[in-house]
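Participant: Got a structure for you, questions after.
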Amino acid sequence: MPSLRRPRAVIATVAALATTAVGVALLLSGCTEAPPVSTIGAIPFDKPLAVPPLALSTVSADGTRVFDLTANEGESRFLPGAATPTAGYNGAYLGPTLRASSGEKVEVHVHNKLTVTTTLHWHGMHLPAVADGGPHQPIAPGAERDPAWTIDQPAATLWYHPHPHGETAGQVARGLAGMFILDDPAERALPLPRNYGVDDIPVIVQDVAFDAQNRLVQRDGGFVGALGDQLLVDGTLHPFLDVTTDVVRLRLLNASPARVYNFAFSDNRAFAMIASDGGLLDASVPLDHIQLSPGERAEILVTMAPGEKVVLQSHKADLGTPGAAAGFAGSSGGSDQFDVLQLRASATLAHVGEVPQRLVPVPRLDPAAATHERQFSMNGTEINGHDMDMSRIDVVVALGDTEIWDIRNDMALPHSFHVHDEQFQLLDIAGAPPPPELSGWKDTIYLRPNTSYRLVLKFTDYADAKHPYMYHCHLLRHEDDGMMGQFLVVEPGTKIPTTTTMEDDNHDHH
Ligand code: C2O
Ligand code: CU
Ligand code: CU
């Protein structure tokens, strides 16, 4: 049991109180709330956005694309004065962007040069459970693990991050995260900007707080976990981006532990959302803001005029916290606002593309084909009344089945829900159809308080009776506190006891 975990009794009390309005009022009276943060207009934008490099790869004799990632500690210069101790892959902070095409075999040599055990999880990836990099695939200090799989899903903006049991928040917050871009022919056929680092830009957003010695600290944001008062974008404090094309594609990734961003522009201009977590939408969606909770992604196209400057911002978020709990939204960060990234268009802009109306047809999963409808109640930091138990299988799914998962946030406070392995589609939110921005492939959704979400999922390709996948709240403190469950995908007819010993898959080597 890790020593840094919060006493469970405190969390349980918060959970119990927050289910009632009276409870929330009680909570509020006992809680000293930080005033809302706003950095709007206060950011100097004096550093060029440090776009992560594309990861180098080699192609082996059998056609496998091979990457190397080494997790290591380092130092980053974010602020004047002392350097900040950080961690990253192949560098001091964050990691390179991996890129591969649908149909390609990939293998990643993951080396752990940290002083602590880590894992490396491929968030959003459809892959065998042994390669998933969840808590059952630890990599000890000095060890290596070489997950391999075939890319078998549409073009998308995915990401990678550690997933050690109970220790994820701290590792991600030190800088251990990176982007994984998937390409496919349907995406390539569209007139979209795709020149990486020029008109196709990863925007990895993390909120951080520094102490007087410039060290990263976890600033307590109350129930949701750590909330920072400054933003790093691709590991850059106060960044600007020189735009040289008339349309720029931003791949927004919320890689923060707890904060929900409500991305919008300083002039409230419209932009086009073209992709959600798992890939392109049917059609581009005109929006003037897009809200992303931790782990979620959105690709957007922004049209720029020659010579103009505009700031990507995060406005107050609509966390949906009702009644008395609304006051508590201050401590969930819902009232905070940020300048995120300044876009500076040059005097002449190259014409790179259109904003296409139609994108790719997204096949709809058929809820009528569902063999099971399962309930997941999110309350406190438990799911269906249970903490994560590495040796308990919560759900067994038969390979090939379509299922409906009914996720209910049974509290007056925020949660989220993420599923490994398969992208899902939202059927309804509190009985109503989802808005267009939530109608494509998703692997992570924000859960508004006291609201139910029905998802449809189809489990394909990989059956394994020994290695589970995870589902969990992606507020990292909740995840670390046990708000996670395990599911197996098995060949139809396989009998699995619900309590079974899932041993760590300790096949790493030194
Ligand atoms: Cu991004 Cu199981 O997580
Ligand atoms: Cu994941
Ligand atoms: Cu949660």
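Participant: Residues with amide H under 5 Å of Thr236's amide H, sequence separation 5 or more or different chain, H placed in the peptide plane at 1.01 Å from N; which?
Facilitator: Ala50
Participant: Please report, in whole Å, how far the alpha carbons of segment 104-171 spread along each principal axis, starting with the longest.
Facilitator: Principal axes ranked by extent give 36, 21, 17 Å for the Cα atoms.
Participant: Pairs of Cα atoms under 8 Å, at least six residues apart: use those to get the relative contact order of the chain, whole percent.
Facilitator: Values: 1400 pairs, mean separation 83.6, N = 510.
Value for the chain: 16 percent.
Participant: With the contact rule set at Cα under 8 Å and sequence spacing of 6 or more, what percent relative contact order holds for segment 200-322?
Facilitator: Across segment 200-322, relative contact order equals 27 percent.
Participant: Another question, if that's okay. What distance in nm lies between label points placed 7 Å from Cα along the C-beta direction at Leu399 and His109?
Facilitator: Simple spin-label model gives 3.1 nm for this pair.
Participant: Checking the a/c ratio against 1.5 first, then a/b against b/c, what shape does the Cα gyration tensor give for segment 41-94? All intermediate terms of the calculation are to be shown ahead of the outcome.
Facilitator: Numbers: a/c = 5.33, a/b = 2.11, b/c = 2.53.
Since a/c reaches 1.5 but b/c is at least a/b, the shape of segment 41-94 is classed as oblate.
Participant: What residues have an amide H closer than 5 Å to that of Ser101, excluding those fewer than 5 places away on the same chain, when H is modeled at 1.01 Å from N in the peptide plane?
Facilitator: When sequence neighbours closer than 5 places are left aside, the close amide H contacts are Asp183.
Participant: Counting only the heavy atoms of the protein chains, how much of Ser346 is accessible to a 1.4 Å probe, in Å² to the nearest 10?
Facilitator: 40
Participant: Counting only C-alpha contacts under 8 Å and six or more residues apart, can you give the relative contact order of segment 85-142 as a whole percent?
Facilitator: Relative contact order, segment 85-142: 29 percent.
Participant: Next question, about the same structure. Which far-off residues, 5 or more places away or on another chain, put their amide H under 5 Å from the one on Phe78, with H placed in the peptide plane?
Facilitator: Thr84
Participant: Suppose R0 equals 30 Å; then what is the FRET efficiency for Asp282 and Ala305 from their Cβ-Cβ distance, rounded to the nearest 0.05?
Facilitator: E(calc), rounded to 0.05, equals 0.60.
Participant: I'm a student and want to see the number: the projected area of the Cα convex hull of segment 312-429, averaged over all directions, in nm².
Facilitator: The number I arrive at for segment 312-429 is 12.6 nm².
Participant: Moving on to the next point. Of all the accessible heavy-atom surface of segment 291-399, with the other protein chains kept in place and a 1.4 Å probe, what percent is carbon and sulfur?
Facilitator: Carbon-and-sulfur percentage of accessible area, whole number: 52.
Participant: Using only Cα atoms, what Kirkwood radius does segment 167-308 have, in angstroms?
Facilitator: Radius from the Kirkwood sum: 16.4 Å.
Participant: Please calculate the 1.4 Å probe accessible area of Ile429, with all protein chains present, and give it to the nearest 10 Å².
Facilitator: Ignoring ligands and nucleic acids, Ile429 comes out at about 30 Å².
Participant: Once you have the alpha carbon radius of gyration of segment 435-487, what is it after dividing by 2.2 N^0.38 Å, with N set to its residue count?
Facilitator: 1.36
Participant: So for segment 363-441, what percent of the C-alpha to C-alpha distances run longer than 14 Å?
Facilitator: 70
Participant: Here is a follow-up. Indicate the gyration tensor shape class of segment 195-277 (rounded, prolate or oblate), computed on the Cα atoms with a ≥ b ≥ c the square roots of the eigenvalues: a/c under 1.5 is rounded; otherwise a/b larger than b/c is prolate and the rest oblate.
Facilitator: prolate
Participant: Taking the Cα centre of the chain as origin and charging only Cβ (+1 Lys, Arg; -1 Asp, Glu), how large is the dipole, in debye to the nearest 20?
Facilitator: The calculation lands at about 840 debye.
Participant: For Gln357 and Ala42 in the same chain, what is the full-extension length gain: residue separation times 0.36 nm, less their Cα-Cα distance, in nm? If you can, show how the numbers build up before the last one.
Facilitator: Working: separation 315, 0.36 × 315 = 113.40 nm, distance 3.64 nm.
Result for the pair: 109.8 nm of gain on full extension.
Participant: Still on this structure, please answer the following. With a 1.4 Å probe and every protein chain kept in, tell me what percent of the accessible surface of segment 91-219 is carbon plus sulfur. Could the numbers behind the result be given before it?
Facilitator: On the way: 1980 of 3590 Å².
C and S fraction of accessible area: 55 percent.
Participant: Taking the convex hull of the Cα atoms, report for the chain its projected area averaged over all directions, in nm².
Facilitator: 22.8
Participant: So what's the projected area for segment 50-191, the Cα convex hull averaged over all directions, in nm²? Display every interim value, and only then the final one.
Facilitator: Working: hull surface 38.3 nm².
The orientation-averaged projected area of the Cα hull of segment 50-191 comes to 9.6 nm².
Participant: Just the accessible area per residue of segment 187-251, please: how many Å² with a 1.4 Å probe?
Facilitator: Computed with neighbouring chains in place, this is 30 Å² per residue.
Participant: Also: Once phi is turned into θ = phi - 60°, what whole-Hz ³J(HN,Hα) does the Karplus curve with 6.51, -1.76 and 1.60 give for every residue of segment 236-252, x standing for Gly and Pro?
Facilitator: Per-residue couplings from phi come out as 10, 7, 6, x, 10, 10, 7, 9, 10, 10, 6, 10, 10, 9, 10, 9, 7 Hz.
Participant: From the backbone phi of segment 172-178, what are the Karplus-calculated ³J(HN,Hα) couplings (6.51 cos²θ - 1.76 cosθ + 1.60, θ = phi - 60°) in whole Hz, Gly and Pro given as x?
Facilitator: 5, 5, 7, x, 7, 6, x
Participant: Tell me, in nm to one decimal, what length is gained between Ala369 and Ala430 on full extension, where the rule is 0.36 nm per residue of separation less the Cα-Cα distance?
Facilitator: Stretched fully, the Ala369-Ala430 segment lengthens by 19.8 nm.
The values are calculated or read from the model by the stated rules, or taken from the named source; none is laboratory data. In this text the structure is predicted, and so the values were computed from the model without any measurement. Here Cβ is always computed from backbone atoms with ideal geometry, including for glycine, and neighbour counts include all displayed protein chains. Accessible surface areas use protein heavy atoms only, side chains included; no ligands, DNA or RNA. Shrake-Rupley method; radii C 1.70, N 1.55, O 1.52, S 1.80 Å.
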